[in-house]
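Read the structure below first, then the notes.
The values are calculated or read from the model by the stated rules, or taken from the named source; none is laboratory data. Everything numeric in this text was worked out from a predicted model, so none of it was measured. Virtual Cβ from ideal backbone geometry, glycine too; neighbours counted across all protein chains shown. Just so you know, the surface numbers come from the protein's heavy atoms only, side chains and all, with ligands and any DNA or RNA stripped out. Shrake-Rupley method; radii C 1.70, N 1.55, O 1.52, S 1.80 Å.
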Amino acid sequence: MIKFLNVTKEYREGTLALSNINIHIEKGDFAFIVGPSGAGKSTFIKLLLKEIEPTKGKITIHGMDITRLSTRKIPALRRKIGVVFQDFRLLPNKTVYENVAFAMEIIEATPKEIRRQVPTMLAMVGLSGKAKMYPHELSGGEQQRVSIARAIVNNPSVLIADEPTGNLDPDTAWEIMKLLKQINRRGTTIVMATHAKEIVDVMQQRVIAIEGGKIVRDDKKGVYGYED
Ligand code: ADP
Ligand code: ADP
């Protein structure tokens, strides 16, 4: 489903952020991306989202070479990929309902589809009662649930989570992990970059470790492996 083939990313200033990496993530995988700060994790995620281009190599999603995608086809790619960030990135002037509906409006879903799908998603993330609230009226965990609902509302095949628990206390972080695991069980591939040692160690999922722009570990049931 996701393949990195001999991918190198060198930033303009000459920093080699990723050096000839090969990664193969299968449909339905739950993969943690770990590694020290500056290892290349964000670069890996930005490449997946086509926010930046590799210097060398090929990245395919569903067999589609995203490095050769015409501008016209980028929206179709983004639709296949949901994204969740550490800082939620909700629209502050829209309600919970409107934040999720907006993701469907962008892909030109019909009003009827939106009216049906948004409440289903809010129920799934446990926020049915908060549809009319604004992001600032919610706790961090609730805001992250809204961002997850928004990320999966268009049924992407992959959910990318960049430090999704980074701003949450441990109990709330675990609630979010339960939700992500539930989404994964429904068949969505999950790629999660994280520094949350305890979560990685307890979950026993695939762990891909990046250090200095190279993959140094890739274990089926891995551990975090660092002390921070
Ligand atoms: P991580 O997410 O693991 O902390 P990054 O992918 O952000 O690592 O960074 C990998 C390396 O690339 C680091 O040395 C970082 O300083 C550098 N880097 C990241 N983004 C840029 C950029 N836009 N321009 C130049 N160097 C960058
Ligand atoms: P995070 O890993 O929290 O997502 P960033 O990707 O913003 O953080 O930054 C990771 C590393 O890349 C940091 O060391 C940062 O200094 C460096 N970096 C990010 N953007 C640039 C840039 N435009 N130029 C140089 N270094 C950058």
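Values for this structure:
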read-out: Cα gyration tensor shape for the stretch 99-167, rounded if a/c is under 1.5, else prolate or oblate; value: oblate
read-out: Loop-located chymotrypsin sites (Phe, Trp or Tyr not before Pro) in the stretch 1-52, at most 13 other Cβ atoms within 10 Å (DSSP); value: TYR11
read-out: Relative contact order %, the stretch 187-228, counting alpha carbon pairs below 8 Å whose residues are six or more apart; value: 40 percent
read-out: Dipole magnitude (debye, nearest 20) for the stretch 1-93, charges at Cβ of Lys, Arg, Asp, Glu; value: 400 debye
read-out: Cα gyration tensor, the stretch 61-200 - rounded (a/c under 1.5), prolate or oblate; value: oblate
read-out: Magnitude of the charge dipole, the stretch 94-147, Cβ model with Lys/Arg +1 and Asp/Glu -1, debye to 20; value: 180 debye
read-out: Cα gyration tensor shape of the stretch 1-135, rounded if a/c is under 1.5, else prolate or oblate by comparing a/b with b/c; value: prolate
read-out: FRET efficiency estimate (nearest 0.05) - Cβ-Cβ, LYS46 to GLU198, R0 35 angstrom; value: 0.85
read-out: Residues of the chain: accessible area per residue with a 1.4 Å probe, Å²; value: 49 Å²
read-out: Fraction of accessible area attributable to carbon and sulfur, the chain (%, probe 1.4 Å); value: 49 percent
read-out: Set LYS56/LYS220; LYS27/LYS181; LYS27/LYS80 screened for pairs whose C-alpha atoms are more than 21 Å apart; value: LYS56/LYS220
read-out: Net charge of Cβ neighbours under 12 Å - reference LEU5; Lys, Arg +1; Asp, Glu -1; value: +2
read-out: Order of exposure, largest accessible area first, which applies to LYS112, LYS73 with probe 1.4 Å; value: LYS112, LYS73
read-out: Relative contact order [Cα under 8 Å, 6+ residues apart], the stretch 53-133, whole percent; value: 23 percent
read-out: Over 29 Å (Cα to Cα) - which of LYS46/LYS130; LYS41/LYS130; LYS58/LYS197; LYS3/LYS178; LYS41/LYS221; LYS46/LYS73 fall in this group; value: LYS46/LYS130; LYS41/LYS130; LYS58/LYS197
read-out: CD proxy at 222 nm, helix term only [per DSSP H run n ≥ 4: -39500 (n - 2.57); per residue of the chain; nearest 500]; value: -10000 deg cm²/dmol
read-out: Vicinal HN-Hα couplings computed from phi for the stretch 218-224 (Karplus, 6.51 cos²θ - 1.76 cosθ + 1.60; Hz; Gly/Pro x); value: 8, 10, 4, 10, x, 10, 5
read-out: Lys/Arg +1, Asp/Glu -1 at C-beta; the stretch 130-173 dipole; positive extreme among LEU168, GLN143, MET133; value: MET133
read-out: Net charge contributed by nearby residues that have their C-beta within less than 11 Å of VAL200 (K/R +1, D/E -1); value: 0
